Amino acid sequence: MATTHPMVGGAALFIAVYWTLLREWMLTWGATPSEVHMQFPGDDLLSDPDAQSTMAVDIDASPTDVWPWLRQLGQDRGGFYSYEWAENLVGLDIHNADRIVAEWQDLSVGDTVRLGRADRFPDAVLKVVAIDPAQSLVLRAPDEPTWWVWSFVLDPVNETTTRLLVRSRIRLPENTVIRLAARSVLDPVSFVMTHGMLRGIQTRAEQLARHRSDTNDSGVADSDSE
């Protein structure tokens, strides 16, 4: 009788654990079951996604201290507050800001949020489709039909604590190989980068909140934040 090589058995076990336990944990990191199933702004733009993640973090700051960091997202603005060294390995040219910059605070529906430098990645952009100051921000890929919607929600727990929730909804190509590869490779990458972003915003917003408390300053360079 043929025997299974230990490496094959180990790989099969890892795949089983990944698909049944690890992947679900990654896609819902930090979020409660009710948050995972709640309706987000922007969900209606892609009503039947092939993949969805909902991740969250508690921030010891008010929504008004978190909001300015979201409002300056973008490669040519404040970055994405994640692991810029990883983003720059593929030439995205991301530089994460550690302060609120006044000229980056003007964000409106229809504006573009760039994901990578324009000369190398001219199509790597998202459009702002909904914005509710200090409450939510919705971005989507400009392609038709929509294949990616990225939503940010600020849920105040009390006067000094905010839940930051991030949801990504994606439509995948019909090709089975591509769909499997996307779930096997892109899901872990997305988890790592989104986790880094949540932690990055958490750190920056909490520092801003402490600064406001200590100095009663808005924290915005040469301007007031909304």
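Given R0 = 35 Å, the distance between the Cβ atoms of Thr32 and Asp119 translates into a calculated FRET efficiency of 0.25.
Label separation (Val185 vs Asp44): 3.7 nm, computed from points 7 Å beyond Cα along the C-beta direction. Relative to the longest principal axis of the Cα atoms of the chain, helix 6-17 runs at roughly 50 degrees.
Could you work out the helix-only [θ] at 222 nm for the chain, with each DSSP H run of four or more residues adding -39,500 (n - 2.57) and the total divided by the number of residues, to the nearest 500 deg cm²/dmol?
Numbers: 7 runs with 72 residues, N = 226.
Rounded to the nearest 500, it is -9500 deg cm²/dmol.
Could you tell me the calculated FRET efficiency between Val157 and Ala86, based on Cβ-Cβ distance and R0 = 35 angstrom, to the nearest 0.05?
On the way: r = 31 Å, r/R0 = 0.88.
Efficiency, rounded to the nearest 0.05: 0.70.
Sorted by average packing, counted as other Cβ atoms within 10 angstrom per residue and highest first, what order do 66-74, 32-40 take? All intermediate terms of the calculation are to be shown ahead of the outcome.
Values: 66-74: 23.6, 32-40: 12.6.
Highest to lowest by the protection proxy: 66-74, 32-40.
Can you give the accessible area per residue of the chain, in Å², using a 1.4 Å probe? Walk me through the numbers on the way to the answer.
On the way: 12020 Å² over 226 residues.
Heavy-atom accessible area per residue stands at 53 Å².
Here mean projected area of the Cα convex hull in nm² was computed from the coordinates, and among (1) 15.2; (2) 19.4; (3) 11.8 the match is (1). Of the whole protein surface, Val166 contributes about 0 Å² of accessible area at a 1.4 Å probe radius. In this label model, Ser108 and Ala130 are separated by 2.0 nm, measuring between points 7 Å along each Cα→Cβ vector. Compactness of the range 101-226, taken as the C-alpha radius of gyration over 2.2 N^0.38 Å, stands at 1.25.
The values are calculated or read from the model by the stated rules, or taken from the named source; none is laboratory data. What you see is a predicted model; the values in this text were computed from it and never measured. Neighbour counts are summed over all protein chains in view; Cβ atoms, including those assigned to glycine, are modelled from backbone coordinates with ideal geometry. Surface areas here come from the heavy atoms of the whole protein model, side chains and all, with no ligands, DNA or RNA. Shrake-Rupley method; radii C 1.70, N 1.55, O 1.52, S 1.80 Å.
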